[in-house]
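One structure below.
The values are calculated or read from the model by the stated rules, or taken from the named source; none is laboratory data. Nothing here was measured: the structure is a model prediction, and the numbers come from that model. When we count neighbours, we look across all protein chains shown, and the Cβ atoms used for this are built from the backbone with ideal geometry, even at glycine.
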Amino acid sequence: MKQKLLISACLYGENVRYDGKNSLLPSEIFQKLSKKYDLIPFCPEVEGGLETPRVPNEIQKDGRLIDRDGVDNSDAFEFGAIKTLQLCIKKNIKIALLKSQSPSCSNNFIYDGTFSKKLIKGDGVTAKLLKLNSIKIINETEI
Ligand code: SF4
């Protein structure tokens, strides 16, 4: 039986990004992963209750998730992260391939909260929660 791999739904090809598009992995990589793993796509932001397309959100210095229009979406992000963790526990998922630079999924860099395209070191809300629960995370640049 293949090991399960949680994968950001946008990397899997689902149109769940804030702009209504996807971030599908190159086909060669996707095929290799499919052979090795049982891929389980999931989008924490959609599962948390946010619409697609949606106004982009960034993590603020105080930890809140605010969109570019000033709306506080912290609850939806946290709910999505909890649902992701629950899925991992239920399906015994120990490793996740998550999209970099996302306020939910990133395991390396996030935008600095000023909507000026400036990246800083940091984890997205979901990535942070999964890490705290010993789930290994890699992003699409680390495959
Ligand atoms: S929350 Fe994660 S899965 Fe959903 S669109 Fe953003 S990066 Fe992709």
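Points worth noting:
- Condition met for Asp69 (part of a loop (DSSP other than H, G, I, E, B), under 18 Å from Asp123 (Cβ atoms) and at pLDDT 95 or above): no
- Selection from the stretch 51-64 of residues that are in contact (Cβ under 8 Å) with a residue 24 or more places away in the chain and either within 11 Å of the ligand (Cβ to nearest atom) or at positive phi (or both): Thr52, Pro53, Arg54, Pro56, Asn57
- Residue ID - nearest to the ligand (Cβ to nearest atom), chosen from residues in the stretch 90-137 that are part of a strand (DSSP E or B), within 30 Å of Lys2 (Cα to Cα) and β-branched (Val, Ile, Thr): Ile137
- Within the set Ser104, Ser100, Ser74, the sole residue that is of a type in the set (Ser, Thr, Tyr) and over 12 Å from the mean Cα position of the chain (by Cα) turns out to be Ser74.
Yes/no per residue for (1) in a loop (DSSP other than H, G, I, E, B); (2) over 18 Å from Asn107 (Cβ atoms); (3) near the ligand (Cβ under 9 Å from one of its atoms):
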site: Tyr12; (1), (2), (3): yes, no, yes
site: Val16; (1), (2), (3): yes, yes, yes
site: Leu25; (1), (2), (3): yes, no, no
site: Leu33; (1), (2), (3): no, no, no
site: Ile40; (1), (2), (3): no, no, no
site: Val46; (1), (2), (3): no, yes, yes
site: Gly49; (1), (2), (3): yes, yes, no
site: Asp75; (1), (2), (3): no, yes, no
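- Pick from the stretch 63-97, criterion closer than 23 Å to Thr141 by Cβ and out of contact with any Pro (no Cβ under 9 Å at 6 or more places or on another chain), ranking: surrounded by the fewest Cβ atoms within 10 Å (Cβ to Cβ): Lys94
- Cross-chain or 6+ apart pairs with Cβ under 6 Å, the stretch 103-127 first and aromatic (Phe, Trp, Tyr), then in a loop (DSSP other than H, G, I, E, B) and surrounded by fewer than 24 Cβ atoms within 10 Å (Cβ to Cβ): Phe109/Gln101; Phe115/Arg68
- Test result for Phe109, crowded, with 16+ Cβ neighbours inside 10 Å, of a type in the set (Phe, Trp, Tyr) and under 15 Å from Ile138 (Cα atoms): yes
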